[in-house]
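Written below as structure tokens is the structure these notes are about.
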Amino acid sequence: MAEIRGASVIARSLKQQGVEYMFGVVGFPVVPIAIAAQREGIRYLGFRNEQAASYAAGAVGYLTGRPGACLAVSGPGMVHAIAGLANAWANRWPMILLGGANDSYQNGQGAFQEAPQIEAARPFVKYAARPDRLERLPFYVEQAVRTSIYGRPGAVYLDLPNDLIVPRVEEESIEFKPPCPDPPRSLADPEQVERALELLRSAERPLVVVGKGAAYARAESEVREFIERTRLPFLASPMGKGVVPDDHPLSIAPARSHALQNADVVFLIGARLNWIMHFGLPPRFAEGVRVIQLDIAAEEIGTNVPAEVALVGDAKRVTAQLNARLAQEPWSYPADAEWLAALARAVDENRRAVEAMLNDDSEPMGYYRVLREVRDQLPRDAIICSEGANTMDIGRTILPNQEPRHRLDAGSFGTMGVGLGFALAAAVVHPDKKVVAVEGDSAFGFSGLEVEVACRYDLPITFIVVNNNGIAGGVDAIDPERVPPSVFTPGARYERIIEAFGGRGYCVSSPGELGPALKQALHDPKPSLVNVLIDPAAQRRPQKFEWLTR
Ligand SMILES: Cc1ncc(C[n+]2csc(CCOP(=O)(O)OP(=O)(O)O)c2C)c(N)n1
Ligand SMILES: [Mg+2]
């Protein structure tokens, strides 16, 4: 009779539960799991560090709606991967971490890489378990995968001791579980749907805020229809960008501050009132702002500001509920409302304020000129990964997203080091699309060696390093006696890192060089890295609320 190893039971169960991608670093005791995963048809990518692999697993969860898997060795490997668990926890993304562990009969003996792994994972996961018997592995895998995607999505953890991975059992003794279906999509209370529309109709200065919850729920056609029907002005959270195209005439993104400060009714579609939205509180929001909140998680409702209307449910289905009512009783916000005119003026003013910087051809370049070039050359459906402080913040305002789930950035956790893992995840999930990673030089440094992964698997990502010699700014030359905490080696040649692995590197410092280099890089069938040396003193344009933005 045929025998099967624990590792194969794990891999087959994952595949059956719709886990298509696994990223990791192999070693004791997980090598057999990686090999079995490949044999079962899971796309396995070997990374250089578990942090990046775990970030990539979370990104797969966000992009596909099924958790990406991260495979980590016991002890230090699993500890590195907690970075991704925490990032997925903060972003509400599904992922599954598979942590190898010492043989269970050595527990407490100071085994090789023994560590309190379940305890370490626990605060960041919806579910953490150590399977008790090899025969029950399919049960645990199904429960973990289902938990990660049902209700509010999140990270899950399975602790896998060597003595569940290596032994073989009769294949017939294993009962594989049927694939867990995609999560049921729940509707909101119809009474709350009515109240939401009433409140919007009564608003003087309404605003729709689209978050990444709407993107995750694949609510794009419903949210677009809702905006078309109601003609309400909207803005998006950083990763909610693209659910409705940034170039939609009702997008008032450049007037974000004015809109948040003056709206009297805010309708949140899968967006949280956390620090990114300034907690929904004055002075960034109007005193007494009235909130309509649509969220998958009932416990999110009322965070920081009491919600007047609570739409608890799936963003796609609930927005469809609103649209259905609007089809019966059409209503749209008057096109001649003073609020729209005021927003248009603020949009215009803000556009004009950066225009000179966008077109400034002097040397050294600032952020705006560099990002304008990137914007002009990117295909409309490019997937943009971005991280850094200024690089990301300015990039968010300049690089448009016209499609949902086409922007991945440091997110709710503000995590530096995510960009390369995200780009690798996006490149394997969407091999048909151009993926670019727009990185600050500090941000790039966290996971920079993952460019080797892109080269090894032939993933034609373009990495753009906006290099200002430091964390939000640097210096032209280092005095070794007095090195400020935020600076790095001036003029570092990051492009040489990718060249070491057969990728294409470019180093540019003027607008005249940048345009052609980007053009070549974006069309190169190989992975490429464009190192853009900018003014180390370049900054964002002055912000009205600088003290509140970090
Ligand atoms: C994991 C992690 N470590 C440290 C930080 C603190 N931090 C915030 S932004 C940033 C880097 C900003 O510099 P860079 O990526 O070069 O972008 P720039 O602003 O210079 O364009 C750092 C280290 C963080 N957010 N996350
Ligand atoms: Mg920098």
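Here, each number is a calculation from the coordinates, and none is a lab measurement. Just so it is clear, the structure is predicted and the values come from calculations on it, not from any experiment. Glycine gets a Cβ as well: all are built from the backbone with ideal geometry, and neighbour counts include every protein chain shown.
Could you list which residues have their amide H under 5 Å from that of residue 492, counting only those 5 or more apart in sequence or on another chain, with H placed in the peptide plane?
Correct list: empty.
Please list, or write none, the aspartates and glutamates whose alpha carbon is within less than 13 Å of the alpha carbon of residue 316, excluding same-chain residues fewer than 8 places away.
Here the aspartates and glutamates satisfying the reach criterion relative to residue 316 are 220, 222, 225, 295.
Work out from phi, with θ = phi - 60° and the Karplus expression 6.51 cos²θ - 1.76 cosθ + 1.60, the ³J(HN,Hα) of each residue of the stretch 325-336, listed in order in whole Hz, and give x for Gly and Pro.
With the stated coefficients, the stretch 325-336 comes to 5, 5, 5, 6, 10, x, 8, 9, 6, x, 5, 9 Hz.
Taking just the alpha-carbon atoms of the stretch 1-151, what radius of gyration and Dmax come out, in angstrom?
14.1, 47
If we sort 10-18, 323-331, 62-70, 125-133 on the protection proxy, mean other Cβ atoms within 10 Å, highest first, what's the order? Kindly include the intermediate steps, with their values, before the conclusion.
Numbers: 10-18: 23.3, 323-331: 12.1, 62-70: 26.9, 125-133: 18.2.
Highest-to-lowest ranking by the protection proxy: 62-70, 10-18, 125-133, 323-331.
Cβ neighbours within 10 Å, averaged per peptide: list 408-417, 482-491 in order, most packed at the top.
Peptide ranking by packing, descending: 408-417, 482-491.
Would you work out which of 323, 370, 34 lies farthest towards the positive end of the dipole of the chain, given +1 charges on the beta-carbon of Lys and Arg and -1 on that of Asp and Glu, about the Cα centre?
323
Based on the alpha-carbon gyration tensor of the stretch 182-312 and its eigenvalue square roots a ≥ b ≥ c, which shape applies: rounded if a/c is under 1.5, prolate if not and a/b is larger than b/c, or oblate? Write out the running numbers ahead of the final one.
Working: a/c = 1.30, a/b = 1.10, b/c = 1.18.
It is rounded, given that a/c, with a ≥ b ≥ c, falls under 1.5.
For the pair residue 175 and residue 510, how long in nm is the line joining their label points, each one 7 Å along Cα→Cβ?
7.4 nm
Over the chain, what is the relative contact order in percent, taking alpha-carbon pairs closer than 8 angstrom and at least six residues apart? Walk me through the numbers before you get to the answer.
On the way: 1262 pairs, mean separation 66.5, N = 550.
Relative CO of the chain lands at 12 percent.
Taking a cut-off of 17 Å between Cα atoms, list the aspartates and glutamates near residue 434, but don't count ones fewer than 8 places away on the same chain.
Partners found: 373, 376, 381, 403, 409, 458, 524.
Sorted by average packing, counted as other Cβ atoms within 10 angstrom per residue and highest first, what order do 271-280, 20-29 take? Mind dumping the intermediate values first?
Details: 271-280: 19.6, 20-29: 22.8.
The packing order, highest mean first, is 20-29, 271-280.
With a point put 7 Å past each Cα toward its Cβ, work out how far residue 275 is from residue 195 in nm, to one decimal.
Using points 7 Å along Cα→Cβ, the separation is 3.2 nm.
Take the Cβ-Cβ distance between residue 482 and residue 362 as r, set R0 to 30 Å, and report the resulting FRET efficiency rounded to the nearest 0.05. Intermediate values should be presented prior to the final figure.
Working: r = 29 Å, r/R0 = 0.97.
Step by step, r from the Cβ atoms, then E = 0.55.
Treat the chain as a sphere of radius equal to its Kirkwood radius over Cα pairs and apply Stokes-Einstein at 10 °C in a medium of 1.306 mPa s; give the translational diffusion coefficient in µm²/s, rounded to a whole number.
Numbers: Rh = 24.5 Å.
In µm²/s, the coefficient is 65.
Can you tell which of 85, 72, 129 lies farthest toward the positive end of the dipole of the stretch 61-175, using +1 and -1 charges on the Cβ of basic and acidic side chains (Lys, Arg; Asp, Glu)?
85
What percent of all Cα-Cα pairs in the stretch 267-359 falls in each 5 Å bin, counting up from 0?
3, 11, 15, 15, 17, 18, 12, 6, 3, 0
Where the centroid of each part is defined by its Cα atoms, how far is the stretch 106-124 from the stretch 180-226 in Å?
Cα centroid of the stretch 106-124 versus Cα centroid of the stretch 180-226: 42 Å apart.
Quick check: the distance between the Cα centres of the stretch 9-28 and the stretch 259-329, to the nearest angstrom?
37 Å
Residue 433: which lysines have alpha carbons under 21 Å from its alpha carbon, excluding same-chain residues fewer than 8 sequence positions away?
Of all the lysines, those that pass the test against residue 433 - Cα under 21 Å, at least 8 places apart if same chain - are 212, 241, 519, 526.
With the contact rule set at Cα under 8 Å and sequence spacing of 6 or more, what percent relative contact order holds for the stretch 159-312? Display every interim value, and only then the final one.
On the way: 225 pairs, mean separation 34.9, N = 154.
It comes to 23 percent, rounded to a whole number.
Quote to one decimal, in nm, the extra length available between residue 119 and residue 381 on full extension: 0.36 nm per residue of separation minus the C-alpha distance between them. Write out the running numbers ahead of the final one.
Working: separation 262, 0.36 × 262 = 94.32 nm, distance 4.13 nm.
Extending this stretch completely gives an extra 90.2 nm.
Work out how much length residue 299 to residue 221 would gain on full extension: take 0.36 nm times their residue separation and subtract the Cα-Cα distance, in nm to one decimal.
On the way: separation 78, 0.36 × 78 = 28.08 nm, distance 2.64 nm.
Full extension of this stretch gives 25.4 nm more.
Tell me whether the stretch 1-65 comes out rounded, prolate or oblate; compute the Cα gyration tensor, take square roots of the eigenvalues as a ≥ b ≥ c, and use a/c under 1.5 as the rounded threshold. Could you put the intermediate results ahead of the total?
On the way: a/c = 2.86, a/b = 1.40, b/c = 2.04.
Taking the square roots of the gyration eigenvalues as a ≥ b ≥ c, the stretch 1-65 is oblate.
May I have the extent of the alpha carbons of the stretch 158-254 along their three principal axes, as whole Å values ordered from largest to smallest?
Cα extents, longest axis first: 68, 34, 20 Å.
Multiply the residue separation of residue 539 and residue 500 by 0.36 nm, subtract the distance between their alpha-carbon atoms, and state the gained length in nm to one decimal.
Details: separation 39, 0.36 × 39 = 14.04 nm, distance 3.17 nm.
10.9 nm is the gain from fully extending residue 539 to residue 500.
Can you give me the distance in nm between label points at residue 257 and residue 351, each placed 7 Å from the Cα along the Cα-to-Cβ direction?
With each label placed 7 Å out from Cα toward Cβ, I get 1.9 nm.
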